[in-house]
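Student: Got a structure for you, written out below as structure tokens; questions coming shortly.
The values are calculated or read from the model by the stated rules, or taken from the named source; none is laboratory data. Source: prediction; values computed, not measured. Backbone-built Cβ (ideal geometry, glycine too); neighbour counts: all protein chains shown. Keep in mind that these areas ignore ligands, DNA and RNA; they rest on the heavy atoms of the full protein, side chains included. Shrake-Rupley method; radii C 1.70, N 1.55, O 1.52, S 1.80 Å.
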Amino acid sequence: MNKIKVSFKVNNKDYEIETTPLRRLLDILREDLKLMGTKEGCGEGECGACSVLIDGELSLACITPATQLEGKEILTIEGISDKDGEPSYIQKAFIDKGAVQCGFCTPGFVMATHKYIKDGGSNDETKIKEALSGNFCRCTGYAKIVDGVKEAIVRHNDKEAK
Amino acid sequence: MISVLRPKTTKELFEILDKEDKNYLFLAGGTDIMPSIKKGIEKREDLIDLSFLKKGFSGVYRDKTNIIVKSLTTFAKIQKDELLNKHFPSFIKASKLIGGYTIQGMATIAGNIVNASPAADSLPSLLTLNAKVTLLSSNGERIIELKDFYKGYKNLEIKNNEIISNIIIPTSDYQADFIEVGTRKAMSITKVSLAYAYKDKNIFLSAGSAFAYPKRLFATEKRFFEKDLTKKDFEIILKEDVSPLDDIRSSGNYRFNVLRNLVFSLYQELQK
Amino acid sequence: MEKVVGKNIERFDAKSKVTGTALYADDIPLNDFLYGAQVGSPVARGILKAIKKDPDFDWTGFTFVDYKDIPGKNEVESVVWDMPFLVESEIRYHGQAILLLAHKNKETLEEGIKRISFDIEELPYVTTIDESLSKKIIMAREDNVFRTKLLHRGDLEKGFKNADFIFENTYYTPHQEQAYIEPFAMTAHWENNKVYIKGTMQCPYYIHGGLKVLFDKKDDEVIIAQSAVGGAFGGKEDYPTVISGHAALLSLKSGKTVKIIYDRDLDMNITTKRHPSKSVVKIGVTKSGKITALDMDFILDGGAYETMSSVILARGMLHAFGPYELANVRINGVIVATNTPPNGAFRGFGAPQSFFAIESQIDLIAQKLNMSPSELRKLNFVKKNGTFPTGQLLGDDVLITEVFEQMLNNADYENLQKEIAEFNKNNKTKKRGFGFSTFFHGAGFTGNGEVMVASKAGVRLQKDGKVFVLVANTEMGQGAHTVLPQIVAEALELPMDYVRTEKVDTSIVPNSGPTVASRTTMIVGEILRRVGKKIKKTLNYNNESDYLEKVKAYLNNKDSENFYETYNKPPKIVWDDENYRGDAYGTYAWAAYGVLTEVDTLSYDVKLINAWSVFDIGKVINPLLASGQVEGGMIQSFGYALTENIVFDKKGKYWNADFTNYIIPSIMDVPKMHIDFYNREYEFGPYGAKGLGELPMDGGAPAVNNAIRNAIGVDLFNLPLSPEQIMDKMER
Ligand SMILES: Cc1cc2nc3c(=O)[nH]c(=O)nc-3n(C[C@H](O)[C@H](O)[C@H](O)COP(=O)(O)OP(=O)(O)OC[C@H]3O[C@@H](n4cnc5c(N)ncnc54)[C@H](O)[C@@H]3O)c2cc1C
Ligand code: FES
Ligand code: FES
């Protein structure tokens, strides 16, 4: 494969890399940038473990090729935590509501939740489920994840009110 | 050897397309292309990345009689669009059934149309809404009806030097809906689906995963308003339109019976 | 002192998991390592003649390993050691490892795999229980049969003679894939003739044993450590020995660290699954609904090698009779061989298969007798101080009637029935139904298992007062590494901050047994409680500050000291494995499910609307974690009920080895869950706790089946309860 140069931002940091055009964003994150929080569960777009935001849209790093990253702003789980690496309000809500078991799906769910709340998502259970519908969890049965999202919305609204 | 060309403008794109008559793969959302290349299903090696053109080919607007969806609009954007929500709820419903929210954020409408899967979820409703596609090349535009776009299994009315630029949906006061029966309620591949749009004694019908390619159910449409049709009658009529297959996800028999049930139930409903 | 047991203590690993900093096997930084991979058989059965490497390919930098490179025995340690790490000549399943490759570049390695081919004399193969039983093709042992077992009580003939009706039906269940979201990943390296393994696993000491055999090594020459684990459900119980062996062989030969990662396709294709089953259930009943006899053939598909199937058969059989008092019983257990990857552990361990059969059949009988299925159950439930078919005298902690009543109560059964009738009257195409199941799970190993394992667990007491729990039991999401410290903190009468779990590494922690069989909290937790009490007594402190001083004084100039205890068998437990008589389990956890379904008679699709469950698990140590376990297990069991199934292609390879076509429940598929516990403390468990892990998996499938029966009046006998199957019944 021919090589290309691409420049993009990850968690507000600039990168320029040279790579083959169909190399997966997932491999770029994990192998080149050593950002290990984005997980590979299936590699085919099914499970959502590799969810990130690209220019604000929820996207799957396992099926996003390098060629499409030019000029893009990428947000990963590492960019969600508070500055000191402490859990953000969404992440804390997940902890408090028991939304985490094995944790392998968790970064993906946190990203999907972040996107949902950023877009002004409401407490409506069906809407929440639609927003998380591309993410699989085999441990929790989803109930506590939905609780976590609802709790995060409450905390988000509290923050906004202040 | 895989090669990816990255045109920065439409002009550059058409220069590439006009230079050599090749059956390029257009990388739009990549949700079909990337997994297919990985699994070795997609053997074509010449790709053109459309991401630089995305801005110009994304969005929804209207003219006097149509709503126009630009080809690289994602299903996540489609779901949020007010015009589409107001005029075409059946299409919105279908767009929410494409994979899950992750896939919807990436997948484009043109990709769904050109991938031409019998199970593609946006197509039955678009077919019943009488959508058209605009094909753009260096020679200009040509507009064709979506129902004429599909000629056989993965055999499409599009030339090597063309891309889809718009999907045109005429506004109408038809009642429309889309019913999907899938392997599960999200991230599911359609086992069988039915879309319809009707007004008075006019109806447009289309089914997913029921034939080798997406199409309208013309024979059934024609006889749909006859009196006193039975379930058995529809079984016979539908055989003219569809011939679903057995595969890993379901049986042809199941698909056919469910489609028959859905059509017959609609018939009973509209007879009232 | 405030209690910690019964509190929702935050998971120790929660922060690292939500922030993405927890290190799973594939996340651990490595220097100068090779990627390893297996090249598997392209056929389901055959004789290997030759391995061929494409001469036109550049093989520099590759390491190759075949069976001849094995220094010790080419046998995977298990209950039966019949499976090889690498094919020598006979191939028994598609994808079975023949050759191992390693290379520093992942893409080059993948290309290399494609450039290997094999000369194989292909042989006819079998993939199902019935094909295997027909014996047209013999592919293992003399008769395709790995093992048979018999459980017997009373006089079967007399029992059937006393029956007014006899109902016999055959039930089938398919493979189920654990579908943990983290696929397999394992790393190996050698240093001073010692082998080090790190990766995703449930039972480090199983790998420890397995690698000693593979490399002919001593205890301290094999060091196994666990990374963070992204789900397991039994799937990472026995298979890790194989992948660890492969990584270690490649590492030995190359002299480098080797990491093997499976992609989803390979993971699904070759690792262990739940055993498919066939149950022929014959039940005699009187007019009034009293069961007089149960005769059951319970047949499991072991896959290509027997490995640990016999233990799964045992548990399946010892739950097959349901929560009923039965005087005349015969359960005939068989494991047959097929040309599919060896099946192994999966949450429930044989019980989900047999409960599907018995609990569906009981419901079917109620319907045929025109009796309410709840009355029929209550009439036959085993009572306090009753007897199970093994002759086990149960105590007064038989709680099946209680949990069942509580579930019906929570579901408001009477009103619900009225609502359903009303709904069905007003709806032409949608029909609702309520179904339930009653079940139990023996906690801890079957029979003498716990005595044989003789688990040892302990804590390290440090000078600064910090206490580290030393166990080989792994955290795989279920919360063990939070619950165990909770028990220790309670015993020490100290706040949680003092207690942590030490990392699981066989060079540091004792063998407290595998993390399976719902045994960790109940068995290992109890050992740890005793350790805690011993320390409390030894140091004899009054409060926290007193504790800190007494620790310093006690340790004097040492930095730390380890305290251990070993398993104590509760009194009066006797098990005869030869004849299947006696106390199969020290205690049982009891449960009931109720499910409200809606069947769409146009699409034959089944939607779950509400699900109620009541569990007796003794004292609940951490309610948030416990209800999380239950919810996850319920949804897994509903997946088993409705959609999960493995299909074979013409080559005997799994056809649907991906999440697109192997259908696990999505967030849109889950019903509203109403979870409740029956709180009664168990005498021999830590602070009254029993095991929980597997129980929720056991009852989902029959409850859904019975709800479908209630909704549309069809009897289904095969999992998954697919719309296609329902259509076949309704079209007839
Ligand atoms: C996990 C998963 C689940 C899915 N579930 C569903 C589902 O439920 N329902 C469903 O319908 N689909 C589903 N899909 C398929 C896929 O997401 C859709 O078909 C999607 O709309 C394709 O769009 P894309 O932009 O990603 O196309 P791409 O993969 O980028 O391209 C697909 C095809 O379209 C062509 N193409 C793209 N843009 C143009 C253009 N402007 N002009 C001409 N040709 C063009 C390409 O050459 C290629 O042949 C799923 C896919 C995945 C990975
Ligand atoms: S790893 Fe990307 S969706 Fe599963
Ligand atoms: S917590 Fe394990 S997969 Fe979601």
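Student: Of C:Trp575, C:Trp81, which has the most accessible area and how do the rest follow, probe 1.4 Å?
Tutor: Ranking C:Trp575, C:Trp81 by accessible area, largest first, yields C:Trp81, C:Trp575.
Student: Stretched out fully, how many nm does the piece from C:Tyr564 to C:Asp56 gain, at 0.36 nm a residue minus the Cα gap?
Tutor: Here the answer is 176.9 nm.
Student: Quick one: what are the phi-derived ³J(HN,Hα) couplings along segment B:38-45, Karplus 6.51/-1.76/1.60 with θ = phi - 60°, whole Hz, x for glycine and proline?
Tutor: Computed from phi, the couplings for segment B:38-45 are 4, 7, x, 7, 8, 9, 4, 10 Hz.
Student: Run the 1.4 Å probe and let me know the accessible area of C:Val43, rounded to the nearest 10 Å².
Tutor: The value for C:Val43 is about 10 Å².
Student: Moving on. How much of the accessible area of segment C:529-627, probe 1.4 Å, is carbon plus sulfur, in whole percent?
Tutor: Roughly 45 percent, rounded to a whole number.
Student: May I ask for the Rg/Rh ratio of segment A:83-161, computed from Cα atoms with Rh as the Kirkwood radius, given to two decimals?
Tutor: Dividing the radius of gyration by the Kirkwood radius yields 0.93.
Student: Within segment C:196-225, whose backbone N sits under 19 Å from a point 7 Å along Cα→Cβ of C:Asn31?
Tutor: C:196-198
Student: Can I ask one more? Please state the relative contact order of segment C:448-566 as a whole percent: Cα pairs under 8 Å, 6+ residues apart?
Tutor: Relative CO of segment C:448-566 lands at 39 percent.
Student: Which loop chymotrypsin sites (Phe, Trp or Tyr not before Pro) in segment B:174-260, with loop taken from DSSP, have no more than 16 other Cβ atoms within 10 angstrom of their Cβ?
Tutor: For chymotrypsin sites (Phe, Trp or Tyr not before Pro) across segment B:174-260 that sit outside H, G, I, E and B with at most 16 neighbouring Cβ atoms in 10 Å, the list reads B:Phe225.
Student: Counting other Cβ atoms within 10 Å, keep those with at most 11, restrict to DSSP loop, and tell me which trypsin sites (Lys or Arg not before Pro) in segment A:72-145 are left.
Tutor: Sites meeting the loop and neighbour criteria: A:Lys83.
Student: Another question about this same structure. Rounded to the nearest 100 Å², what is the buried accessible area between C and A, both sides summed, probe 1.4 Å?
Tutor: 3700 Å²
Student: Nearest 0.05, what FRET efficiency do C:Leu393 and C:Thr170 give at R0 = 35 Å with Cβ-Cβ as r?
Tutor: E between C:Leu393 and C:Thr170, to the nearest 0.05, is 0.60.
Student: Carbon and sulfur atoms: what percent of the 1.4 Å accessible area of segment A:1-150 do they account for?
Tutor: Accessible surface attributable to carbon and sulfur in segment A:1-150 totals 44 percent.
Student: Let me ask another. What shape does chain C take by its C-alpha gyration tensor, where a ≥ b ≥ c are the square roots of the eigenvalues and a/c under 1.5 counts as rounded, a/b above b/c as prolate, and the rest as oblate?
Tutor: It is oblate, given that a/c is not under 1.5 and a/b is not larger than b/c.
Student: Between B:Glu42 and A:Asn12, what's the calculated FRET efficiency when r is the beta-carbon distance and R0 is 45 Å? Round to 0.05.
Tutor: 0.80
Student: While we're looking at this one, here's another question. Each residue of segment B:101-110 in order: what ³J(HN,Hα) in whole Hz does its phi give by Karplus 6.51 cos²θ - 1.76 cosθ + 1.60, θ = phi - 60°, with x for Gly and Pro?
Tutor: 4, 4, 5, 4, x, 10, 5, 9, 5, 4
Student: If you don't mind, another one. Could you tell me the total accessible area buried at the A-B interface, probe 1.4 Å, in square angstrom to the nearest hundred?
Tutor: Rounded to the nearest hundred, the buried surface is 2600 Å².
Student: Could you give the accessible area per residue of chain B, probe 1.4 Å, as a whole number in Å²?
Tutor: 42 Å²
Student: When only DSSP loop residues count, what trypsin sites (Lys or Arg not before Pro) in segment C:280-361 have their Cβ near at most 16 other Cβ atoms within 10 Å?
Tutor: For trypsin sites (Lys or Arg not before Pro) across segment C:280-361 that sit outside H, G, I, E and B with at most 16 neighbouring Cβ atoms in 10 Å, the list reads C:Lys287, C:Lys290.
Student: Also, quick follow-up: In peptide B:69-79, how many Cβ atoms from other protein chains are near each Cβ within 10 Å, on average?
Tutor: 1
Student: As a test question: what accessible area, to the nearest 10 Å², does A:Ser81 have when a 1.4 Å probe is rolled over all protein chains in place?
Tutor: Probe radius 1.4 Å; accessible area of A:Ser81 about 20 Å².
Student: Check which residues have an amide H placed less than 5 Å from B:Leu27's amide H, if you skip close sequence neighbours.
Tutor: Placed amide hydrogens put B:Ile48, B:Asp49, B:Leu50 under 5 Å from B:Leu27.
Student: Sticking with this structure for a sec: Compute the distance in nm between two label points, each set 7 Å from the Cα along the Cα-to-Cβ direction, one at B:Ile144 and one at C:Ser134.
Tutor: Modelled inter-label distance: 4.9 nm.
Student: Over the whole of A:48-60, what's the average partner chain Cβ count within 10 Å per residue? Rounded to a whole number, please.
Tutor: 4
Student: Same structure again: Per residue of segment A:81-94, what does 6.51 cos²θ - 1.76 cosθ + 1.60 with θ = phi - 60° give for ³J(HN,Hα)? Whole Hz please, x for Gly and Pro, Karplus curve as stated.
Tutor: 4, 5, 3, 7, x, 6, x, 6, 5, 5, 5, 5, 4, 4
Student: Once both labels are modelled 7 Å past Cα along the beta-carbon direction, what's the B:Asp21-C:Leu123 spacing in nm?
Tutor: In this crude spin-label approximation the distance works out to 5.6 nm.
Student: Still on this structure, please answer the following. Please get the size of the charge dipole for the protein assembly as shown, origin at its Cα centre, with Cβ charges of +1 on Lys and Arg and -1 on Asp and Glu, quoted in debye to the nearest 20.
Tutor: 1100 debye
Student: Under a 5 Å amide H to amide H cut-off, with H placed in plane at 1.01 Å, what residues pair with C:Thr387 once short-range neighbours are removed?
Tutor: C:Leu394
Student: How far apart, in nm, are the 7 Å Cα→Cβ label points at C:Asn542 and A:Asp55?
Tutor: In this crude label model, C:Asn542 to A:Asp55 measures out at 7.1 nm.
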